[in-house]
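All remarks here apply to the structure that follows.
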Amino acid sequence: MERGFRLTPQGGARQRTMAETAAAELHRMIMSGELPAGTHLRLADLTAALDMSAMPVREGLRRLEALGLVEIIPHKGAWVRDVSLDDLLDTHQTRLALETLAIRSAAERFTAQDADRMA
């Protein structure tokens, strides 16, 4: 598993945190069906599979809970949520609107200096 890099708001790159890496890998596993809906996400199993400590895995699960992909029940554990087609369509429409807005905003601020730097 690669940690990878993320772009900063200033356009630079920074290394992903372990929590970001855990969230990204768990997201990939859920979306690919490797972790289907209803799967109990046992922390010990996930830390072994991701080869990292419990703290970043817990934070990764919290991030996925915020996205609606995971349900965390205190003192019981975490499970992969069943995501409906309506949920996916809502998410797609929201992302389309937000990403379009972000691209427009970035394009308005794009300068000749930015173009030179990108080249």
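For the pair D90 and I103, how long in nm is the line joining their label points, each one 7 Å along Cα→Cβ?
Result: 2.5 nm between the two label points.
Relative to the compact-globule scaling 2.2 N^0.38 Å, provide the ratio for the alpha-carbon radius of gyration of the chain.
Compared with the compact-globule rule of thumb, the chain sits at 1.29.
Looking only at A44, A54, A23, which one moves most when the chain is put into a Gaussian network model with springs between Cα atoms under 10 Å?
Among A44, A54, A23, the largest GNM mean-square fluctuation belongs to A44.
Taking Cα atoms, how many degrees apart are the long axis of helix 85-109 and the longest axis of the chain, rounded to 10 and kept between 0 and 90?
Relative to the chain, helix 85-109 is tipped by roughly 30 degrees.
For V80, what accessible area in Å² do you get when you roll a 1.4 Å probe over the heavy atoms of the protein chains, rounding to the nearest 10?
Near enough 10 Å² of accessible area.
Taking the chain as the reference, fit the longest principal axis to its C-alpha atoms, fit the long axis of helix 18-32 to the helix C-alpha atoms, and give the angle between the two in degrees, 0 to 90, nearest 10.
The angle comes out at about 70 degrees.
Using only protein heavy atoms and a 1.4 Å probe, report how much of I72 is accessible, in Å² to the nearest 10.
60 Å²
Between A44 and E65, take the C-beta separation as r, use R0 = 22 Å, and let me know the FRET efficiency to the nearest 0.05.
Result of the calculation: an efficiency of 0.70.
So what's the net charge close to D87: Lys and Arg +1, Asp and Glu -1, counting the other residues with Cβ under 15 Å from its Cβ?
-3
So how do T21, T94, T39 rank on accessible area, 1.4 Å probe, biggest first, that is with the largest at the start?
Ranking T21, T94, T39 by accessible area, largest first, yields T94, T39, T21.
The values are calculated or read from the model by the stated rules, or taken from the named source; none is laboratory data. Remember, it's a predicted structure, so these values are computed and weren't measured experimentally. Positions of Cβ are backbone-derived with ideal geometry, glycine not excepted, and every protein chain shown enters the neighbour counts. Accessible surface areas use protein heavy atoms only, side chains included; no ligands, DNA or RNA. Shrake-Rupley method; radii C 1.70, N 1.55, O 1.52, S 1.80 Å.
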